[in-house]
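Worksheet: one structure, shown below.
The values are calculated or read from the model by the stated rules, or taken from the named source; none is laboratory data. Remember, it's a predicted structure, so these values are computed and weren't measured experimentally. In this analysis, Cβ positions are derived from the backbone assuming ideal geometry, glycine residues included, and neighbour counts consider all displayed protein chains. Please note that ligands, DNA and RNA were not included when accessible areas were found on the heavy atoms of the full protein model with its side chains. Shrake-Rupley method; radii C 1.70, N 1.55, O 1.52, S 1.80 Å.
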Amino acid sequence: MPGFLEDPIEKLPGLGSVRAGLLKKELRIERVGDLLEHYPYRYIDKTLVLPIREAIKKQDPVLIQGVLGPLVYQGVGRKKRLTALFRDETGSVELVWFQGHRMIEDLLHPGMRYHAFGKPSVFRNKATMVHPEMESVTETGRPNLHFEPMYSTTEALTKKGLDARGLRRLIKLVLDRLPGNHPAENLSAEILQKYRLSDRPQAVRQVHFPPDETTLRAARQRLKFEELFFIQLELLLLKRQRHATLAGFPFEEVGAHFNRFYREFLPFELTEAQKRVVREIRRDLGSGHQMNRLLQGDVGSGKTVVALLSMLIAMDNGFQACMLAPTEILAQQHFQSLQELVKGMGIRIGFLTGSIKGKTRKMTLEYLADGTLHLLVGTHALLEDQVRFKNLGLAIIDEQHRFGVAQRAALWKKSAPFPPHILVMTATPIPRTLALTIYGDLDISIIDELPPGRKPVHTELWYENKRMRLIGFMKEQIALGRQVYVVYPLIEESETLDLLDLQKGAESLQREFPMPQYQFSIVHGKMTADVKDFEMNRFLKRETQIMVATTVIEVGVNVPNASVMVIENAERFGLSQLHQLRGRVGRGADQSYCILMTSGRLSEEARLRLHTMCRTNDGFEIAEVDLRLRGPGDMEGTRQSGTQPLRIADLREDGPILQSARVCAAEILDKDEKLVLEEHMPLRNHLRWKRHSQGTWSRIS
Ligand code: ADP
Ligand code: MG
């Protein structure tokens, strides 16, 4: 192993500590080898040599080939420039240099043939190309660099000369010094053969300096596989380790509570998807290992009853269970719906949030500790030290995004000798490729079916000219006894401005909907939790008909009587937000509506977002579009997960590669769980290399 790939980046000759520091800070390139994994994000195609007559009509950089005329100085002072006529059989263009005259005079020889690459411009009928890249024509008649790699960089790096060109030079420097069999292969010969992958030393060279398109494609394919494979290998290792070391309470009984509820109390028939998911959970709980399962389901898909059934299994095995929600209101709603579902079964459910104080709190804690309470529903407050269970066996976490590592640890402390089983429920569907990459070490259950008889929310995109019609429509719906949400965007950077939007909007609405006939709830981020809850509750109790809000109502709130969701400036919302917001209606028996209001001209992307909303109600489909539009880095759930961005694979298109990489990783671990076989040494080495840079992957549960 040439040690220098593992060397800190500042050891590269000529780089210096300032630029090395910047590379670390800006691009997280810490070791010389990391530089090689900073792959080009695109290539400038220099395979196509255009005739000059064609080339000068283009707006983009073009490659031309011709004979260089004499170098001539023109102008004086700051306008002084070096020029040369460059011609082929079809026409000519003037090459212009404002700087570096000495060097150009040294390097270029009039009368010789060159390739020139640059952006043509035409001014007063004269075609020029400023500061073209020049390369003398080789014997083959083709430029050396057919595909020129472009590297992402930052402003700070560019200022220090590390623009795409500078990075290219550095990478070339490293590759030139590297023995031909390095960077060392990190996959086994068997994998290479089975998946027909090119070998690593070659692929790395080719991805940076591809000789042709076919080779480039093969190199990229190999490196994408490698990247996704090692992520999956790591996740599956983690999963197996946890499985091996973390015993869990074996819930072997599916007994009285579960069966009685199922037969006598369940108010509807479970959907097939719900049944399947319950079976998956049952299997986990009975396995003797700790369950770590992620339950994905669209809004309204019926996750609550699945949670309840799981909790009943805990009870059947003599354990308590708890359910955590991110907000007071959501906790309250869960508490109420659970109580309603089990009414008459003699199940005792406690409720604990920050606002439960004094005697009630004291009693709740006491009953929890002595086992009087079977289930506990609450918020973060439930994680405090004073909250002690008699025997906690299962914790259900709703809307996981808001729970971090510390909370998880607090939860684990509450049960002994094993950690509780964990079921995490998300409300925002995530595309499968993304789920596998972020949550690949968890087991995933998906409810991909809505209960029967749901009317999809009818969604339309309206422009400002329908404002009067909107008001009329709202009045109609309110006259029918329905309630209406009007939502304004909240963008953190301009909080005051958004608040103004909301206040102005609310005022003009209040003119259209005068008191006392119409009542408003107004909720925004600048309010304290108490005031928000008070306003929410008025809406819940139907004391108000119109809820004007910023996105605070996004998560989980259930007001079945609300049938209209008006979203102002809808173009400013992301897809998953829009979908979440729309999910607030369509919860009752009646037809519901979502009106997307927009005023301005729409960007291409905004148009696609809004049209997607009008076209479909399917959260998974919407998540796929979202992924395509925004890329995985910006998706809900990715940012919070602490996952490293991918360097070369693209989850939007590399689903099939991901799939085979995961299968491949699983097969290897089936055969060699601890990666001790000789043939797996390269895998082990690479994991060690990777871990050094990224720390451990922190998981939600
Ligand atoms: P979410 O997955 O968004 O949490 P909920 O659990 O709140 O969804 O369920 C939404 C609504 O659908 C509730 O009113 C619930 O009672 C109802 N529901 C759930 N499962 C079924 C089913 N299988 N058949 C009919 N209604 C159902
Ligand atoms: Mg829910």
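Quick notes on this structure:
- Answer residue from segment 558-576, given it is assigned to a loop (DSSP other than H, G, I, E, B) and open to solvent by less than 10 Å² (accessible area, probe 1.4 Å) and is modelled with the lowest pLDDT among those: Val559
- Unmet criterion (only one of (1) within 16 Å of ligand 1 (Cβ to nearest atom); (2) part of a loop (DSSP other than H, G, I, E, B); (3) open to solvent by 10 Å² or more (accessible area, probe 1.4 Å)) for Ile446: (2)
- Consider segment 335-378 and keep the residues that are basic (Lys, Arg) and in a loop (DSSP other than H, G, I, E, B). The one that is nearest to ligand 2 (Cβ to nearest atom) is Lys343.
- Unique residue being within 11 Å of Leu375 (Cβ to Cβ) and either of a type in the set (Asp, Glu) or within 14 Å of ligand 1 (Cβ to nearest atom) (or both) when the list is Met311, Met315: Met311
- Checklist (1) more than 7 Å from ligand 1 (Cβ to nearest atom); (2) part of a helix (DSSP H, G or I); (3) under 20 Å from Ile446 (Cα atoms); (4) open to solvent by 10 Å² or more (accessible area, probe 1.4 Å) applied to His257, failing item: (3)
- Being at pLDDT below 95 and within 11 Å of ligand 1 (Cβ to nearest atom) is true of Gln333.
- Residue match in segment 62-78 (condition: touching a residue at least 12 places away in the same chain (Cβ under 8 Å), outside any strand (DSSP E or B) and more than 29 Å from Gly14 (Cβ to Cβ)): no
- Boolean, Ala406 is open to solvent by 50 Å² or more (accessible area, probe 1.4 Å), modelled with pLDDT under 90 and either more than 22 Å from Gly318 (Cβ to Cβ) or within 16 Å of ligand 1 (Cβ to nearest atom) (or both): yes
- Residue that is nearest to Glu264 (Cα to Cα), among those in segment 335-353 that are in contact with a Gly (Cβ under 9 Å, 6 or more places away or on another chain) and of a type outside the set (Phe, Trp, Tyr): Gly350
- Single condition Pro417 does not satisfy, out of (1) within 16 Å of ligand 2 (Cβ to nearest atom); (2) modelled with pLDDT under 90; (3) under 22 Å from Ile281 (Cα atoms): (1)
Listed here are the residues, each with its yes/no results for (1) at pLDDT below 95; (2) more than 16 Å from ligand 1 (Cβ to nearest atom); (3) not hydroxyl-bearing (Ser, Thr, Tyr).
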| residue | (1), (2), (3) |
| --- | --- |
| Phe261 | no, no, yes |
| Pro267 | yes, no, yes |
| Glu272 | no, no, yes |
| Arg276 | no, no, yes |
| Asp284 | yes, yes, yes |
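- Within the span defined as segment 390-398, one or more residues are modelled with pLDDT under 90 and in contact with a Ser or Thr (Cβ under 9 Å, 6 or more places away or on another chain).
- Any hit, segment 20-30, residues being in contact (Cβ under 8 Å) with a residue 40 or more places away in the chain and assigned to a loop (DSSP other than H, G, I, E, B): yes
- Candidates Thr433, Thr459, filtered to the one that is polar (S, T, N, Q) and in a strand (DSSP E or B): Thr459
- Residues of segment 345-392 classified as more than 24 Å from Phe258 (Cα to Cα), open to solvent by less than 40 Å² (accessible area, probe 1.4 Å) and out of contact with any helix residue (DSSP H, G or I) (no Cβ under 6 Å at 6 or more places or on another chain), total: 6
- Residues (part of a helix (DSSP H, G or I), more than 15 Å from ligand 2 (Cβ to nearest atom) and open to solvent by less than 10 Å² (accessible area, probe 1.4 Å)) located in segment 274-319: Ile281, Leu285, Leu312, Ile313, Ala314
- Test: residue in segment 199-208 that is part of a loop (DSSP other than H, G, I, E, B) and touching a Pro at 6+ places or on another chain (Cβ under 7 Å): no
- Yes/no for Glu340 being surrounded by fewer than 23 Cβ atoms within 10 Å (Cβ to Cβ), free of Cβ contacts under 8 Å to residues at least 12 places away in the same chain and not aliphatic (A, V, I, L, M): yes
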